[in-house]
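Trainee: One structure, pasted below without further comment.
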Amino acid sequence: MVTLIRGGWVMAFDGSRHRTIPNGEVAFERDRILYAGPRWDGAPAQVIDATGMLVAPGFINTHAHIGVELMAPFVDVRLDGKKRQRYGPSQTAAARRDLPPSLSVDEQRLSAEFSLVQMLKCGATTIVDAAGSGPLWWLGNPPGDEIMLLDVAARVGARVYASLSYRSGRVYHDGEGKTAWFWDEEFGFEGLRRAVAFAVHHRGTRAGLAETLLCPHAVDNCSPELLGATRRAATEHGLLIQIHCAQYEHEVQRIRELYNCTPVEHLATLGFLGPDVILGHTIYVQGHSAMGGDSDKDLGLIAGSGASVAHSPLPFARRGETLQSFARYRAAGVNVAIGCDIWPADIIAEMRLAWFLSKAVDRASAVPSCLDIFDAATLGGARALGRDDLGSLAPGAKADIVLVDLGRYHFGPVVDPIRALITCASGQDVQAVWVEGRKVVDAGRAVNTDEDRLRSGAETVYRSMVEAARARDPIGASPQEMLGLDYQPPLLNPGPK
C-alpha cells in the first residue's frame, strides 16, 4: 500500500545534498521511499496532507544515554568536592558485581520507554545508545538489561543501536574529595567479551530495528590493551565503535601524563581510529583555547581516518564549555553528527544550540548555516553509521520521515523551512513520525504506548533512583542535600495513601 505525503516543504535528497521542494510530495511503500520531489505520478492508497509542514528525513541521535531523562533533576547540581561521587575502591568493586540492582526490571523497562518515547516525539528515528542504559550503571546496576531495551525499542517503534559498555577502570572521590582510580584489567576484558557476544547475536533483529555496536566507555578509563582488543573485535565482526573522547580537561591531563600525547593522538597511535569509529564529544582537541598546540593536528588525524564526531552541545554548554567549533571541525574535513547525550533529548533543540554556539565561538555570522546543522543531524549521522539508506528522502532510502508543524504562531511567516526549524522549532512542534514506514508519532503523541502511564510511573522510578543514590552515599545525604535544595521536593513526598 503506497502512502503519499503531499503539500509540505519536502527536503528531498538529490544524491549530493538536500534540496527544498515547496509543496512537494513523498511516496513510500512498506519500509522504503519510492519518490521525493515536486509531483509523484502514481496512484496512492492513502494521502496525508502536510500543508504548512516541513517534511524531513528522520533525525539521527548519534550519542544518547537511554533512560537518563528520569535523572533530569540532577542536571546542573554542583555540590562541593566533599559531597560528590563519594565512591571508595571497595564500593566501586562491589557496584561492579555484588550490589543488588537499583531498579526493578519493570522500573528499568519504564525508564527506557520514557526515554525512547521522548526521543521519538522530537523526531529522532535512529538512536545510538552510547554506554549502556542511561543511569542504571551509575546506580550500580549491571550495564542495563540491553535485551530488554531492544524489546522496548522495537515495541515503541524506534531504531536503536545498543551496546554493553565496558571499561578497565573507574574514577572515584574519597570522603575528602580526593580523586583516585580503581583499576581491574580482567573486568574490562570480561566486559568486552560480553559486549561482542551481545552485539553479534542481536544485530539486525526485531524486524531490523535492533542494531548494535561496541562502546568502550572512554579513552582514559580503557587500557591500551583493551582498546587494541576492541579494535580487532570490531574489524573481525564488522561492528561500529563509539567511545567518549577528549570530553574533559582532566582526561586530557591524564592521557598526557601516561602517554605524552592527546587522547586523539593516543587513539591514532593505537591504530584505533577508522571510518567505523564515532568519537563522543571530542571537545578538547589541539587548537582549543584550553589546549594550545597545532590546531590542525588532532582534527587532521580524525578527518584522515574517516572517524566521526558526535557533537552534543547541551551538556557542555551547561558547564560553560563547547566545541571550538562546529564550523572549524567541518572545515577540517571531520564528519560531525548530532547527539543529545542527556535530558531533555530534544534533537531539534540540540541543532539550534550547535548553530548558536559555533557562531559565538568563532564570532562569525555566516557559518555554520542552518543547512549545515540540518545536514549533521541527518546525513552526518548516516555517514557515522555507514548507512546510505538513512538521513535522506530519496528512492530506496528507509521510510523514516518527520513532519514538523511550521504553522504555529511562534514561527511567523516561513520563507526558508530549514531556517525556521533551526531558529524557532523544538521537539514539541513535531506532528508525526514514521520509522521504516510505520507511524510511531501521530498528532504529537506516541502511537504505541500510553504516555499518561509513563508520566505517572516516572515519579516512582525517580524515587527509586534517588534512594539508590542515597544508599550508596557514605554519609547518607538527604534528597534535599543531594539536589542542593532548601526545601523538601514535593516529588519525593510519600505517594497517596
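Trainee: So, in segment 43-82, exactly how many residues are assigned to a loop (DSSP other than H, G, I, E, B), modelled with pLDDT of 95 or more and either surrounded by fewer than 18 Cβ atoms within 10 Å (Cβ to Cβ) or within 30 Å of the chain's Cα centre (by Cα) (or both)? Break it down stepwise before answering.
Mentor: Restricting attention to segment 43-82, the residues satisfying the condition of being assigned to a loop (DSSP other than H, G, I, E, B) are 43-45, 50-52, 58, 65-67, 75-80.
Keeping just the survivors that are modelled with pLDDT of 95 or more gives 44-45, 50-52, 58.
Narrowing further to those that are either surrounded by fewer than 18 Cβ atoms within 10 Å (Cβ to Cβ) or within 30 Å of the chain's Cα centre (by Cα) (or both): 45, 50-52, 58.
Qualifying residue count, segment 43-82: 5.
Trainee: Which is over 21 Å from R159 (Cβ atoms), among the aliphatic types (A, V, I, L, M), assigned to a helix (DSSP H, G or I) and modelled with pLDDT under 95, of L371, L357, L314? Before you say what the answer is, go through the steps one by one.
Mentor: Details: L371 fails: modelled with pLDDT under 95; L357 fails: modelled with pLDDT under 95.
Just one listed residue meets the conditions, L314.
Trainee: Oh, and also: What do you reckon, is L406 at pLDDT 95 or above, more than 20 Å from P22 (Cβ to Cβ) and in contact with a strand residue (DSSP E or B) (Cβ under 7 Å, 6 or more places away or on another chain)? Steps first, please.
Mentor: Values: at pLDDT 95 or above: yes; more than 20 Å from P22 (Cβ to Cβ): no; in contact with a strand residue (DSSP E or B) (Cβ under 7 Å, 6 or more places away or on another chain): yes.
Against the criterion (at pLDDT 95 or above, more than 20 Å from P22 (Cβ to Cβ) and in contact with a strand residue (DSSP E or B) (Cβ under 7 Å, 6 or more places away or on another chain)), L406 does not qualify.
Trainee: I would also like to ask the following. Tally up the residues in segment 287-308 that are surrounded by fewer than 20 Cβ atoms within 10 Å (Cβ to Cβ) and over 25 Å from I60 (Cα atoms), please.
Mentor: So the count comes out to 10.
Trainee: Something else: Select from segment 235-250 the residues that are assigned to a strand (DSSP E or B) and not hydrophobic (A, V, I, L, M, F, W, C) and write down the one among them that is farthest from Y172 (Cα to Cα). First the steps, then the outcome.
Mentor: So in segment 235-250, the residues assigned to a strand (DSSP E or B) come out as 240-245.
Still in the running and not hydrophobic (A, V, I, L, M, F, W, C): 242, 244.
Numbers: Q242: 23, H244: 18 Å.
The selected residue is Q242.
Trainee: Another question, then. In segment 390-411, which residue that is in a loop (DSSP other than H, G, I, E, B) and out of contact with any helix residue (DSSP H, G or I) (no Cβ under 8 Å at 6 or more places or on another chain) is surrounded by the fewest Cβ atoms within 10 Å (Cβ to Cβ)?
Mentor: We begin by selecting, within segment 390-411, every residue in a loop (DSSP other than H, G, I, E, B); these are 390-397, 399-400, 406-408.
Within this subset, residues satisfying the condition of being out of contact with any helix residue (DSSP H, G or I) (no Cβ under 8 Å at 6 or more places or on another chain) are 393-397, 399-400, 407.
Working: L393: 29, A394: 19, P395: 14, G396: 10, A397: 23, A399: 24, D400: 31, G407: 12.
Filtering segment 390-411 for residues that are in a loop (DSSP other than H, G, I, E, B) and out of contact with any helix residue (DSSP H, G or I) (no Cβ under 8 Å at 6 or more places or on another chain), the one surrounded by the fewest Cβ atoms within 10 Å (Cβ to Cβ) comes out as G396.
Trainee: Further question: When segment 413-425 is examined, which residues are found to be free of Cβ contacts under 8 Å to residues at least 12 places away in the same chain and either not aliphatic (A, V, I, L, M) or not in a loop (DSSP other than H, G, I, E, B) (or both)?
Mentor: P413
Trainee: Return the residue satisfying two criteria in turn: it lies in segment 468-497 and is surrounded by 14 or more Cβ atoms within 10 Å (Cβ to Cβ) and of a type in the set (D, E, K, R), and of such residues it is modelled with the lowest pLDDT.
Mentor: Filtering segment 468-497 for residues that are surrounded by 14 or more Cβ atoms within 10 Å (Cβ to Cβ) and of a type in the set (D, E, K, R), the one modelled with the lowest pLDDT comes out as D473.
Trainee: Here is a follow-up. Anything in segment 342-354 that is in contact (Cβ under 8 Å) with a residue 60 or more places away in the chain and outside any loop (DSSP other than H, G, I, E, B)? List them, or say none. Please lay out each step first, then the result.
Mentor: Initial filter on segment 342-354 (in contact (Cβ under 8 Å) with a residue 60 or more places away in the chain): 342-349, 351-352.
Passing the criteria: I347, I348, A349, M351, R352.
Trainee: Can you find a residue that is over 23 Å from Y329 (Cβ atoms), modelled with pLDDT of 95 or more, assigned to a helix (DSSP H, G or I) and β-branched (V, I, T) anywhere in segment 210-223?
Mentor: no
Trainee: Identify all residues within segment 260-286 that are loosely packed, with under 15 Cβ neighbours inside 10 Å and farther than 22 Å from T212 by Cβ; write none if there are none.
Mentor: Scanning segment 260-286 gives N260, T269, G271.
Trainee: Another question, then. Does segment 235-253 contain any residue that is surrounded by 22 or more Cβ atoms within 10 Å (Cβ to Cβ), among the aliphatic types (A, V, I, L, M) and either on the phi > 0 side of the Ramachandran plot or free of Cβ contacts under 8 Å to residues at least 24 places away in the same chain (or both)?
Mentor: Yes, there is a match, as at least one residue in segment 235-253 is surrounded by 22 or more Cβ atoms within 10 Å (Cβ to Cβ), among the aliphatic types (A, V, I, L, M) and either on the phi > 0 side of the Ramachandran plot or free of Cβ contacts under 8 Å to residues at least 24 places away in the same chain (or both).
Trainee: Would you pick out the residues in segment 18-41 that are under 27 Å from the mean Cα position of the chain (by Cα) and free of Cβ contacts under 8 Å to residues at least 24 places away in the same chain?
Mentor: R19
Trainee: Looking at segment 309-336, which of the residues that are buried (at least 21 other Cβ atoms within 10 Å of the Cβ) and aromatic (F, W, Y) is nearest to the chain's Cα centre (by Cα)?
Mentor: Only one residue tops the list, namely F326.
Trainee: For the list (1) buried (at least 24 other Cβ atoms within 10 Å of the Cβ); (2) out of contact with any strand residue (DSSP E or B) (no Cβ under 6 Å at 6 or more places or on another chain), I need the number of the one condition that A376 fails.
Mentor: (2)
Trainee: For segment 317-341, which residues satisfy the criterion of being assigned to a loop (DSSP other than H, G, I, E, B), in contact (Cβ under 8 Å) with a residue 12 or more places away in the chain and at negative phi? Reasoning before the result, please.
Mentor: In the first step, residues of segment 317-341 are kept if they are assigned to a loop (DSSP other than H, G, I, E, B); the result is 318-325, 332-334, 339-340.
Right, trim to in contact (Cβ under 8 Å) with a residue 12 or more places away in the chain and you get 318, 321-325, 332-334, 339-340.
Correct list: R318, E321, T322, L323, Q324, S325, A332, V334, G339, C340.
Trainee: Follow-up question, since we're still on this one. Looking at (1) of a type outside the set (V, I, T); (2) in contact (Cβ under 8 Å) with a residue 60 or more places away in the chain; (3) surrounded by fewer than 24 Cβ atoms within 10 Å (Cβ to Cβ), which one does F198 not meet, given that it meets all the others?
Mentor: For F198, the exception is condition (2).
Trainee: Give the residues of segment 362-395 that are hydrophobic (A, V, I, L, M, F, W, C) and either under 27 Å from V415 (Cβ atoms) or in contact with a His (Cβ under 7 Å, 6 or more places away or on another chain) (or both), sorted by residue number.
Mentor: Initially, segment 362-395 is screened for residues hydrophobic (A, V, I, L, M, F, W, C), giving 364, 366-367, 370-371, 373-374, 376-377, 379, 382, 384-385, 390, 393-394.
Across segment 362-395, the qualifying residues are A364, A366, V367, C370, L371, I373, F374, A376, A377, L379, L393, A394.
Trainee: Is it the case that some residue within segment 211-222 is more than 22 Å from G169 (Cβ to Cβ) and surrounded by 21 or more Cβ atoms within 10 Å (Cβ to Cβ)?
Mentor: To start, the set of residues in segment 211-222 that are more than 22 Å from G169 (Cβ to Cβ) comprises 211-212.
With the extra rule that they be surrounded by 21 or more Cβ atoms within 10 Å (Cβ to Cβ), the set shrinks to 211-212.
Among the residues of segment 211-222, at least one is more than 22 Å from G169 (Cβ to Cβ) and surrounded by 21 or more Cβ atoms within 10 Å (Cβ to Cβ), which makes the answer yes.
Trainee: Still on this model: Among the residues of segment 165-195 satisfying the criterion of being among the acidic types (D, E) and at pLDDT below 90, which is surrounded by the most Cβ atoms within 10 Å (Cβ to Cβ)?
Mentor: Our first condition is that a residue be among the acidic types (D, E); within segment 165-195, this holds for 174, 176, 184-186, 190.
Going one step further and asking which of them are at pLDDT below 90, we end up with 174, 176.
On the way: D174: 15, E176: 8.
Filtering segment 165-195 for residues that are among the acidic types (D, E) and at pLDDT below 90, the one surrounded by the most Cβ atoms within 10 Å (Cβ to Cβ) comes out as D174.
Trainee: Here's a check for you: in segment 288-304, which residue that is assigned to a helix (DSSP H, G or I) and closer than 21 Å to N260 by Cα is farthest from the chain's Cα centre (by Cα)?
Mentor: The initial filter retains those residues of segment 288-304 that are assigned to a helix (DSSP H, G or I), namely 297-304.
Pick out the ones that are also closer than 21 Å to N260 by Cα and you get 297-302.
Values: K297: 26, D298: 23, L299: 22, G300: 24, L301: 23, I302: 20 Å.
Only one residue fits best here, namely K297.
The values are calculated or read from the model by the stated rules, or taken from the named source; none is laboratory data. All values derive from a computational prediction rather than experimental measurement. Every residue, glycine among them, receives a Cβ derived from its backbone with ideal geometry; neighbour counts consider all protein chains shown.
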